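Each remark here refers to the structure printed beneath this line.
The values are calculated or read from the model by the stated rules, or taken from the named source; none is laboratory data. What you are looking at is a predicted structure, and each value in this text was computed from that prediction instead of being measured. Don't worry about glycine lacking a Cβ; one is built from the backbone with ideal geometry, like all the others, and counts go over all protein chains shown. Please note that ligands, DNA and RNA were not included when accessible areas were found on the heavy atoms of the full protein model with its side chains. Shrake-Rupley method; radii C 1.70, N 1.55, O 1.52, S 1.80 Å.
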Amino acid sequence: MTEKFKIYYPAGMRVFGEALERDCQAKRYNPDTDIYKKVLFIGLYSIEDYKIFAEHQGRKAIFWNGSDVSILKEEPAYQEILRAQPRITHATHNEQLQKELEELGIEAVIAPIFFGDKNAIKPSFIPGEITEFYMTMHPGREEEYGL
């Protein structure tokens, strides 16, 4: 079987990057050997991530999460790096992020990623009169996520 693409992720996205490697049967991106391969970038957080992205010569796709979009909105230099790149495929989880990206001139499709075996997840609540939702996130980042 031919490998379809490589996956780039920074240390902060390791758990999710490794899940994608496993679930998609792909390998982690190595900028020294994979510079012309197709790459899915997840977790563009720092200038180092954007430099690796800009130097990559193959096809590029970015999956945008909430915190990457928040960072991108605050960093005009990152926006310039994206504008300088030809043909990037953009995807994100939901309409809210899609609209935020659109405000920056980025057209993204909605294609949620679920990390894990969705069949192993069983409902753990009974809906009440007031709609409730639960969110998993990094501790100490409530403000960043709008909570």
Can you name the residue in the range 1-33 that is in contact with a helix residue (DSSP H, G or I) (Cβ under 6 Å, 6 or more places away or on another chain) and crowded, with 18+ Cβ neighbours inside 10 Å and, of all such residues, is nearest to I47 (Cα to Cα)?
Y9
Exclusive hit being in contact with a strand residue (DSSP E or B) (Cβ under 9 Å, 6 or more places away or on another chain) and of a type outside the set (D, E), set Q85, Q79:
Q85
Just wondering, is there one or more residues in the range 73-80 that are among the aliphatic types (A, V, I, L, M) and surrounded by 15 or more Cβ atoms within 10 Å (Cβ to Cβ)?
no
Close pairs (6 angstrom Cβ cut-off, 6 or more residues apart or separate chains): on the phi < 0 side of the Ramachandran plot in the range 18-41, at pLDDT 90 or above and exposed (fewer than 13 other Cβ atoms within 10 Å of the Cβ) anywhere:
I35/Q57; Y36/Q57
Filtering the range 1-41 for residues that are assigned to a loop (DSSP other than H, G, I, E, B) and either over 20 Å from R87 (Cα atoms) or not acidic (D, E) (or both) leaves a count of 18
Taking N119, is it open to solvent by 60 Å² or more (accessible area, probe 1.4 Å), more than 24 Å from K4 (Cβ to Cβ) and modelled with pLDDT under 95?
no
Would you confirm whether any residue within the range 35-50 is of a type in the set (G, A, S) and either over 15 Å from the mean Cα position of the chain (by Cα) or closer than 15 Å to F5 by Cβ (or both)?
no
